[in-house]
Amino acid sequence: MNKTELIEHIAKQADISKAAASRALEALIGGVTTTLKKNGSVSLVGFGTFAVTKRAARTGRNPRTGVAIKIKASRVPKFRPGKALKDAVN
């Protein structure tokens, strides 16, 4: 499912226009992004938790040349599914 299909699904399920569904989805994505930028986390009970974790600096390899390169430390977004989502998938 891509973003357009998700907007169509939201519009149909919530009985709203596609424009309203698009604005709602954009607001959700914006809220999650803003919170993660501030190093916070977003918990949606029954669905899961979005959080930021730190990835340590490490040494990698250039796949083309095989030369060792240094990869800087970074912050990466992570998603941990909730129990209800895990149960629904299994």
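The values are calculated or read from the model by the stated rules, or taken from the named source; none is laboratory data. Because the structure is a prediction, the values reported are computed rather than measured. In this analysis, Cβ positions are derived from the backbone assuming ideal geometry, glycine residues included, and neighbour counts consider all displayed protein chains. Please note that ligands, DNA and RNA were not included when accessible areas were found on the heavy atoms of the full protein model with its side chains. Shrake-Rupley method; radii C 1.70, N 1.55, O 1.52, S 1.80 Å.
Checking each residue in segment 54-72 for being open to solvent by less than 90 Å² (accessible area, probe 1.4 Å), in contact with a Lys or Arg (Cβ under 7 Å, 6 or more places away or on another chain) and closer than 30 Å to S41 by Cβ picks out A57, I71. Against the conditions (1) in contact with a helix residue (DSSP H, G or I) (Cβ under 6 Å, 6 or more places away or on another chain); (2) at pLDDT below 95, V42 satisfies every one except (2).
Filtering segment 9-42 to residues that are over 30 Å from R75 (Cβ atoms), in contact (Cβ under 8 Å) with a residue 12 or more places away in the chain and open to solvent by 80 Å² or more (accessible area, probe 1.4 Å) leaves nothing.
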